[in-house]
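A.B. asks: The structure that follows is given in the form of structure tokens.
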Amino acid sequence: MANVLVVNAHPLSAEDSQTVTILDTFIEEHQLRHPEDVITMLDLYYTDLPEIDGDLLLAWKTLQKGAEFTDLNDAQQEKVRIFNEFTDQFLASEKIVIANALWNLNIPSKLKSWFDTINVAGKTFRYTAEGPVGLITDKKAIHIQSSGGTYNGQDFSAQYVKGILNFIGITDFDSIYIEGADYAPEKAPEIMAAAKEKAKVLAAQF
């Protein structure tokens, strides 16, 4: 049995989103092939997700100086608590599924905020004399992304997701890129069919 964390960074449903359509296909096949796994859905657009702001930065500085959690003001305590919950949720999961659309050559801002919660010195990576070293070696990840054009996974968003996961130590990584439907709408059914097939294959092995 494994804990599967599904991070959905798209606000629309499968009816209106290629990303979510393929994500749903992946989840359905994974549940069929791995019924013992426990899936947790994290819909970022419907979640209270803290951004790094003045409250968090000052709270962390205060704690680093040796202060107690209760020394923080109410707003700082609440933001630190929520931030830490996302970090702990990630650490408790063995399999990570991330789904987003490519917007303006980058990831959605909500996904960036979530990535901030899993990039935590001392928990997911550590500093050494030779540079940062990832601490997460017991997880695997899948990235699902749709884009109107064709980038073959070389766009900033795809490279960022892979790079961040590699940075914290996750190298067991696969991807499903749904690309080119806006550029060649007549090929959209073919593009989606190929993505669904790949999703089913990867779900079976995940």
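A.B. asks: Can you find even one residue in segment 106-121 that is exposed (fewer than 12 other Cβ atoms within 10 Å of the Cβ) and either in a loop (DSSP other than H, G, I, E, B) or β-branched (Val, Ile, Thr) (or both)?
C.D. replies: Scanning segment 106-121, I find no residue that is exposed (fewer than 12 other Cβ atoms within 10 Å of the Cβ) and either in a loop (DSSP other than H, G, I, E, B) or β-branched (Val, Ile, Thr) (or both), so the answer is no.
A.B. asks: Within segment 153-176, can one find any residue that is in contact with a strand residue (DSSP E or B) (Cβ under 8 Å, 6 or more places away or on another chain), surrounded by 18 or more Cβ atoms within 10 Å (Cβ to Cβ) and among the aromatic types (Phe, Trp, Tyr)?
C.D. replies: no
A.B. asks: How many residues does segment 1-43 contain that are open to solvent by 70 Å² or more (accessible area, probe 1.4 Å), assigned to a helix (DSSP H, G or I) and either in contact with an Asp or Glu (Cβ under 9 Å, 6 or more places away or on another chain) or of a type in the set (Phe, Trp, Tyr) (or both)?
C.D. replies: Within segment 1-43, residues that are open to solvent by 70 Å² or more (accessible area, probe 1.4 Å), assigned to a helix (DSSP H, G or I) and either in contact with an Asp or Glu (Cβ under 9 Å, 6 or more places away or on another chain) or of a type in the set (Phe, Trp, Tyr) (or both) number 1.
A.B. asks: Please give the number of the condition Phe86 fails out of (1) crowded, with 19+ Cβ neighbours inside 10 Å; (2) free of Cβ contacts under 8 Å to residues at least 12 places away in the same chain.
C.D. replies: So the condition that Phe86 fails would be (2).
A.B. asks: Might you check whether a residue that is of a type in the set (A, V, I, L, M, F, W, C), within 27 Å of Asp116 (Cβ to Cβ) and assigned to a helix (DSSP H, G or I) occurs anywhere in segment 165-178?
C.D. replies: Yes, segment 165-178 contains a residue that is of a type in the set (A, V, I, L, M, F, W, C), within 27 Å of Asp116 (Cβ to Cβ) and assigned to a helix (DSSP H, G or I).
A.B. asks: Same structure again: Quickly run through segment 13-36 and pick out the residues that are modelled with pLDDT of 95 or more, out of contact with any helix residue (DSSP H, G or I) (no Cβ under 6 Å at 6 or more places or on another chain) and not hydroxyl-bearing (Ser, Thr, Tyr).
C.D. replies: Passing the criteria: Gln18, Val20, Leu23, Asp24, Ile27, Glu28, Gln31, Leu32, His34, Pro35, Glu36.
The values are calculated or read from the model by the stated rules, or taken from the named source; none is laboratory data. Nothing here was measured: the structure is a model prediction, and the numbers come from that model. Positions of Cβ are backbone-derived with ideal geometry, glycine not excepted, and every protein chain shown enters the neighbour counts. These accessible areas exclude ligands, DNA and RNA; they are computed on the full protein's heavy atoms, side chains included. Shrake-Rupley method; radii C 1.70, N 1.55, O 1.52, S 1.80 Å.
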